[in-house]
Amino acid sequence: MRTINSPLYQKVLETHHLTIGDFYFLENFLIAEINEGIHLDSTNTRTLLKIVNSFFKNRNFGHIINRVNKYSVSPLDYASYCKKLNNVVSFSSITYDNHFDNMNVTIENHFLHKPFHVAKNIEESFLWSENKIKKTLTISA
């Protein structure tokens, strides 16, 4: 389910439509929907990194990847991208029980050093991410 068709869409504060995909910014979350056929690398994610780090300048956030399309990621560039997200505390990937996507996120998880969750739908992903954010807010308070 696309973000615009989900109940979460009413919580979106900002939307950015880039050549690599659509990015929805909520108070403490980023939901990324990468365009069909895109290959993510360090070059085509530069603009996104600037937007994300500006939006979440002084706030922790959860990064949700809504895999509604097929795309590829350069593993080393993925690790670099994740390290450049200044305040990210968790990653959640929605695979909709797709075997190919499940295999990809297993590989991608090896490059992350943050809590990671594979979800079957956007609601599950949001609830898990929200729990991770609440824990960081409690710890920092």
>> Given the condition of a type in the set (Val, Ile, Thr), open to solvent by 40 Å² or more (accessible area, probe 1.4 Å), farther than 24 Å from residue 137 by Cβ and touching a Lys or Arg at 6+ places or on another chain (Cβ under 7 Å), answer yes or no: does some residue in the range 56-78 qualify?
In response: yes
>> Give me the residue from the range 15-43 that is out of contact with any helix residue (DSSP H, G or I) (no Cβ under 9 Å at 6 or more places or on another chain) and not acidic (Asp, Glu) and, out of that set, nearest to residue 121 (Cα to Cα).
In response: 34
> Considering only the range 1-17, how many residues are of a type outside the set (S, T, N, Q) and surrounded by 15 or more Cβ atoms within 10 Å (Cβ to Cβ)?
Replying inline: 5
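Determine, yes or no, whether residue 94 is within 17 Å of residue 20 (Cα to Cα), surrounded by 14 or more Cβ atoms within 10 Å (Cβ to Cβ) and without any contact (Cβ under 8 Å) to a residue 60 or more places away in the chain.
Spelling it out, it is not the case that residue 94 is within 17 Å of residue 20 (Cα to Cα), surrounded by 14 or more Cβ atoms within 10 Å (Cβ to Cβ) and without any contact (Cβ under 8 Å) to a residue 60 or more places away in the chain.
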> So which residues in the range 25-41 are over 15 Å from the mean Cα position of the chain (by Cα) and surrounded by fewer than 15 Cβ atoms within 10 Å (Cβ to Cβ), if there are any at all?
Replying inline: 36, 37, 39
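The values are calculated or read from the model by the stated rules, or taken from the named source; none is laboratory data. Keep in mind the model is a prediction, meaning the values are calculated, not measured. Cβ: placed from backbone, ideal geometry, glycine included. Neighbour counts: every protein chain shown. When the accessible area is computed, the model is the full protein with side chains, heavy atoms only, and any ligands, DNA or RNA have been set aside. Shrake-Rupley method; radii C 1.70, N 1.55, O 1.52, S 1.80 Å.
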